[in-house]
Amino acid sequence: MTTNDWIEQAVTTAVAAVADELDAFSRDLHAHPEVGFREFRSVRAIGDLLARHGLDLETGVGGIPTAFRSRIGSSQGPQVVVTAEYDALPGVGHGCGHNVIAASSIGAFLALAPLVADGRLPGGVTLLGTPAEEGGGGKELLIQAGAFDGFDASVMIHPGAVDAAAVVANAKRQVVATFTGATAHAAANPHLGRNALDAAVTAYQAIAQLRQHIVDTDRVHGVFLEAGTRPNIVPERAVLEFFLRSRSVDSLLALSRRVENAFRGAALAADVEVDVAWDTEPIYLPHRLNRVLAERFSERSAPRRSVVVAVEDTGQPAGSTDVGNVSQLLPTIQPIVAIGAPDIPGHSRERADSTLTPDGRRAILDSATALALTAADVLVDDDLRAAAWAEFRAAGEPVRVGDLVPLAPWPTFPTE
């Protein structure tokens with residue numbers, strides 16, 4: 001039996017043995033969704049699952065209460081990190097399928113653990129729990145804490161509409177504009193007031209007009225957080241929050257300048273003050289694709305998935321993820337695994353419920369198997385590691401957020 005054959009057999013058998021546990025765990029997370037940095041119950045559930053298999057869980061990694069780590073194998077030799085997400089969306093629950101992500105990553109780790117522990121696979125494997133992907137940038141905070149240092153590859157999957165071994169992700173940053181004017185009686189003496197809401201509306205409209213003159217892959221979308229208190233009081237305070245997305249950091253920064261001009265121009269027009277606060281949450285960097293690892297994942301998925309696209313980069317608009325920050329430091333993949341009908345929208349209750357179907361269970365098992373096999377290949381295949389790193393370095397040096405813009409303030413984490 002070749003090395004490839006016995007690894008395939010061992011991993012496939014191990015994933016099948018924990019199939020019911022992984023499905024039950026995914027359903028449990030779906031039934032008890034927790035938003036970013038509040039995933040206390042979810043982390044306990046993960047710890048309980050690992051404990052049943054004799055594995056320890058270290059919580060509070062990087063000073064983040066709901067970040068965790070479990071390590072197996074040697075600190076010498078090649079190293080792979082399998083990342084897990086488990087936060088939910090407010091009001092929607094697991095509408096981004098993070099319950100499937102966590103179950104798949106745990107399944108891959110459980111399949112690899114005995115092979116690494118007894119030395120049949122060299123090096124080490126780490127399961128790293130990364131909270132608050134939906135807002136808060138848990139991976140970026142863990143990068144700053146050094147939790148991603150020393151690895152040869154980072155792997156995880158994400159549910160979606162199609163099977164794709166690699167997809168682009170845009171850079172993203174956040175901005176909050178606070179307009180401050182002066183109150184007055186809106187009927188008796190409005191001339192004495194300075195209307196902050198007028199400024200916010202003008203800014204919103206200016207940014208809406210800006211959308212006609214940006215590239216198709218850029219996105220600017222925002223909401224009013226505050227807009228006054230009563231109709232008969234000239235609003236002295238109005239607050240807007242926007243997300244900006246772009247294919248590259250340079251184009252994101254250029255877009256940022258244009259958006260800030262809209263805020264400041266609107267304040268000038270309304271004769272009010274404006275405070276523009278960038279990046280109260282970490283910036284998400286664009287995903288640096290690694291086709292070498294993506295194609296290996298595609299090969300490892302092929303026996304189980306009918307269609308696996310090696311690399312999908314259609315030039316269409318894309319979302320953003322803090323996996324992008326990891327991909328700027330080391331070879332990284334986040335394949336998409338199809339669940340349900342292609343027209344199920346992301347961040348929806350329909351997407352959340354699709355994870356409970358037989359298709360959702362199959363996605364967990366297929367993903368856990370392909371992730372484990374890809375990670376095993378990284379550990380045993382010197383040429384694969386070298387090629388992955390060569391492709392990474394061909395795209396440039398590692399990039400950290402702090403090299404580009406001032407870091408977001410370190411958050412104050414909630415307690416349970």
Against the definition (in contact with a His (Cβ under 9 Å, 6 or more places away or on another chain), in contact (Cβ under 8 Å) with a residue 12 or more places away in the chain and part of a loop (DSSP other than H, G, I, E, B)), how does A318 come out, yes or no? yes
Does E58 fit the bill of being closer than 22 Å to L365 by Cα and in the same structural domain as L293 (by TED's automatic domain parsing)? no
Could you list all residues from segment 13-42 that are part of a helix (DSSP H, G or I) and crowded, with 18+ Cβ neighbours inside 10 Å? A14, V15, L22, D23, F25, S26, L29, H30, S42
With respect to R245, is the statement that it is closer than 17 Å to D279 by Cβ, in contact with a Ser or Thr (Cβ under 6 Å, 6 or more places away or on another chain) and basic (K, R) true? yes
Considering residues that are in contact with a Pro (Cβ under 7 Å, 6 or more places away or on another chain) and under 18 Å from A153 (Cα atoms), the number found within segment 55-100 is 2
Which number in (1) farther than 20 Å from I106 by Cα; (2) modelled with pLDDT under 95 marks the one condition that R304 misses? (1)
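The values are calculated or read from the model by the stated rules, or taken from the named source; none is laboratory data. Model, not experiment: these values are computed from the prediction. All Cβ positions, even for glycine, are placed from backbone atoms using ideal geometry, and neighbour counts span all protein chains on display.
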